[in-house]
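Q: Let me begin by handing over the structure; questions about it come next.
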Amino acid sequence: MGRLFGTDGVRGVANADLTAEMALGLSVAAAHVLGEEMSGRSPVRPEWRSGDGRAVTFEGHRPTAVVGRDPRASGEFLEAAVVAGLASAGVDVLRVGVLPTPAVAYLTGALGADLGVMLSASHNPMPDNGIKFFARGGHKLADDLEDRIESVYEEHRSGEPWDRPTGEGVGRVRTYDEGFDNYVAHLIGVLPNRLDGLKVVLDEAHGAASRVSPEAFARAGADVVTIGADPDGLNINDNCGSTHLDQLRAAVVEHGADLGIAHDGDADRCLAVDAKGNDVDGDQILAVLALALREADSLRKNTVVATVMSNLGFKLAMEREGIELVQTAVGDRYVLESMKSEGYALGGEQSGHVIILDHATTGDGTLTGLMLAARMAATGRSLAELVSVMDRLPQVLINVPDVDKSRVDTSPELAAAVADAERELGSTGRVLLRPSGTEPLVRVMVEAADTDQARSVAGRLADVVKSALG
């Protein structure tokens with residue numbers, strides 16, 4: 001079978017591709033694999049408190065996991081399976097409920113837990129769901145750890161029995177309601193200044209940040225208008241959020257807001273809209289924050305990290321500003337790996353995953369939006385003025401579904417078509433083809449001097465992808 005883990009955990013249609021049995025098995029496998037990583041470490045035991053103020057204590061000799069989810073209906077049974085798997089493997093579990101992915105990562109680190117688990121399919125449609133694991137400290141797992149978890153899962157799925165604790169060795173399960181306030185307090189605590197005087201429209205995608213983000217912006221002093229913040233388990237990402245900006249554009253103009261912020265289902269992304277309803281993507285947000293961090297002497301090594309999908313205009317802007325740019329493969333995990341290995345402070349993706357490593361271990365949409373708004377408040381400049389630091393070159397992205405994405409790099413027909421396109425574009429554009437890490441499709445991206453040329457070249461390449469890989 002193919003690798004279960006994609007660029008952002010394990011994803012699939014809930015109860016079809018991603019079943020309760022798989023969720024339970026992967027959780028047990030993760031407990032065993034990460035248990036080896038945790039051996040010899042002394043568990044950190046802060047004083048947790050439940051929602052009614054009672055102290056929450058564990059035995060102290062077992063590892064602990066933080067488990068959260070987005071509001072998808074399928075998250076309810078998948079969470080139950082994950083919790084059961086972890087506890088059956090001797091892991092104590094803190095259930096934090098519906099919170100953003102970066103909140104689960106933060107709490108994993110802040111509470112001294114040994115691992116974290118988030119149930120979400122991010123920006124994917126409601127029928128999908130996914131499982132993301134975090135190591136101690138709230139960091140995403142390296143590829144080798146994911147491979148080991150998958151190997152152990154497959155080994156035991158084929159009949160090898162688990163080593164199961166009994167009696168007092170089984171894990172205990174507690175609810176940790178204070179995660180919400182702890183996370184919001186963290187967000188407010190790292191802001192460089194307040195947001196008083198700013199009016200903000202927040203589109204929460206009926207997702208995991210539907211409570212967190214409005215609360216954080218309001219506590220920071222912003223005048224908040226909220227849309228897409230009524231999750232019912234079925235409406236997540238449904239014509240709203242960072243993948244559907246129409247409602248946000250209209251609401252910003254209607255309410256005379258200074259800016260709009262859009263998250264995806266698990267709120268690890270942030271896209272924005274300026275006061276006139278113009279889109280602001282992850283590249284532009286990175287450019288604004290890079291200058292802000294440099295001004296605060298916090299842009300370590302004067303470098304920002306982005307992926308090969310970043311707009312060429314971003315690269316040119318960083319060169320003009322004298323800021324170094326490091327580019328990685330697509331996926332915020334690869335951005336993060338580069339940042340951690342080299343000690344960089346800022347990185348992200350055009351899609352809105354922005355990592356501010358001094359304050360988060362993963363992309364954090366709410367934190368990113370707060371920092372962007374804080375820059376506006378501190379400078380007194382509009383969002384349109386701030387993002388004018390870069391000019392976006394026309395960029396066309398076409399997703400080609402139902403093809404064999406594994407042959408992108410080996411098809412002679414496709415290689416010849418790409419070579420022809422690159423000769424046509426010359427030095428004023430570029431072509432990038434890549435298989436999606438989370439969906440069964442190939443992404444065709446073309447940048448060119450003008451939009452018509454980008455569309456024409458991208459359309460031709462998409463047709464070749466269909467014929468060559470279909």
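Values quoted throughout were computed directly from the atomic coordinates according to the rules given, and no laboratory measurement underlies them. Source: prediction; values computed, not measured. So basically every Cβ, Gly included, is an ideal-geometry build from the backbone, and we count neighbours across all protein chains shown.
Q: Magnitude of the Cβ-charge dipole of the chain, K/R +1 and D/E -1, about the Cα centre, nearest 20 debye?
A: Rounded to the nearest 20 debye, it is 600 debye.
Q: To continue, here is another question. Using only the Cα atoms of the range 95-145, build the gyration tensor, take square roots of its eigenvalues as a ≥ b ≥ c, and label the shape rounded, prolate or oblate: rounded if a/c is under 1.5, else prolate if a/b is larger than b/c, else oblate. Before the final figure, lay out each step's value.
A: Working: a/c = 2.66, a/b = 1.41, b/c = 1.88.
Because a/c hits 1.5 or more and a/b fails to exceed b/c, the range 95-145 counts as oblate.
Q: Residue separation times 0.36 nm, minus the C-alpha to C-alpha distance between residue 15 and residue 385: what's the value?
A: Stretched out fully, the residue 15 to residue 385 stretch lengthens by 128.5 nm.
Q: Now, a different point. Based on the alpha-carbon gyration tensor of the chain and its eigenvalue square roots a ≥ b ≥ c, which shape applies: rounded if a/c is under 1.5, prolate if not and a/b is larger than b/c, or oblate?
A: oblate
Q: Longest segment of the chain with no trypsin sites (Lys or Arg not before Pro) in a DSSP loop having at most 14 other Cβ atoms within 10 Å?
A: In short, 55-275.
Q: Ok, one more. Given an 8 Å cut-off on Cα distances and at least 6 residues of separation, report the relative contact order of the chain as a percent. Intermediate results must be reported in sequence, preceding the final value.
A: Numbers: 1043 pairs, mean separation 60.1, N = 470.
It comes to 13 percent, rounded to a whole number.
Q: Let me ask another. Residue 301: which lysines have alpha carbons under 30 Å from its alpha carbon, excluding same-chain residues fewer than 8 sequence positions away?
A: Correct list for residue 301: 140, 315, 340.
Q: Based on DSSP H runs of at least 4 residues, each adding -39500 (n - 2.57), what is the mean residue ellipticity at 222 nm of the chain after dividing by all its residues, to the nearest 500 deg cm²/dmol?
A: Numbers: 14 runs with 177 residues, N = 470.
Helix contribution divided over all residues of the chain: -12000 deg cm²/dmol.
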